[in-house]
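Written out below as structure tokens is the structure these notes cover.
The values are calculated or read from the model by the stated rules, or taken from the named source; none is laboratory data. These numbers were taken from a predicted model, which means no experiment stands behind them. Here the Cβ positions follow ideal geometry from the backbone for every residue, glycine too, while neighbour counts run over all protein chains shown.
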Amino acid sequence: MPPHLSLSRVLLRLSLALLLVCGAGYGADWAAWRVRTAHGHGTEELQVSRVTITPLKGSKEEYDFDGTDTATCTSSLLPQPFQQAWSTPCWWLARHPQVVIRY
């Protein structure tokens with residue numbers, strides 16, 4: 001390795017490059033989601049089933065089916081800030097349609 005490139009400098013440059021690539025990827029996903037939202041296609045509502053898990057004595061759990069509900073999701077690759085919270089991407093919610101609430 002050349003003397004001007006120490007291991008710490010290489011690691012620093014690699015970590016900065018990774019941070020830059022991740023930030024640019026999220027920024028591009030956010031911009032595409034904002035364009036879809038402006039055209040009225042940025043969010044969807046999907047049916048999800050809700051299950052509540054309540055702990056009992058003796059390390060047992062009680063499962064209560066709470067019925068189905070609609071959940072709002074964003075049509076983006078990554079979670080986006082939507083209505084004062086982070087919204088789940090639709091591709092994730094479609095593959096995981098069961099919402100589990102643990103007490």
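Computed quantities for the displayed model
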item: Residue list for region 72-81, restricted to those being out of contact with any Gly (no Cβ under 8 Å at 6 or more places or on another chain), in a strand (DSSP E or B) and more than 19 Å from S49 (Cβ to Cβ); result: Q80, P81
item: Selection count where residues are surrounded by fewer than 16 Cβ atoms within 10 Å (Cβ to Cβ), modelled with pLDDT of 90 or more and in contact with a Pro (Cβ under 8 Å, 6 or more places away or on another chain), scope region 72-97; result: 1
item: Residue in region 58-71 that is hydrophobic (A, V, I, L, M, F, W, C), loosely packed, with under 14 Cβ neighbours inside 10 Å and not in a strand (DSSP E or B) present; result: no
item: Members of region 1-52 found to be aliphatic (A, V, I, L, M) and assigned to a strand (DSSP E or B), listed by number; result: L46, V48, V51
item: The one condition in (1) among the acidic types (D, E); (2) in contact with a Leu (Cβ under 8 Å, 6 or more places away or on another chain); (3) loosely packed, with under 12 Cβ neighbours inside 10 Å that D29 fails to fulfil; result: (3)
item: Subset tally (residues that are surrounded by 11 or more Cβ atoms within 10 Å (Cβ to Cβ) and charged (D, E, K, R)) for region 47-57; result: 1
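Yes/no per residue for (1) farther than 23 Å from Y103 by Cα; (2) of a type in the set (K, R):
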position	(1), (2)
L11	yes, no
G40	yes, no
L46	yes, no
K60	no, yes
D66	no, no
A71	no, no
L77	yes, no
Q80	yes, no
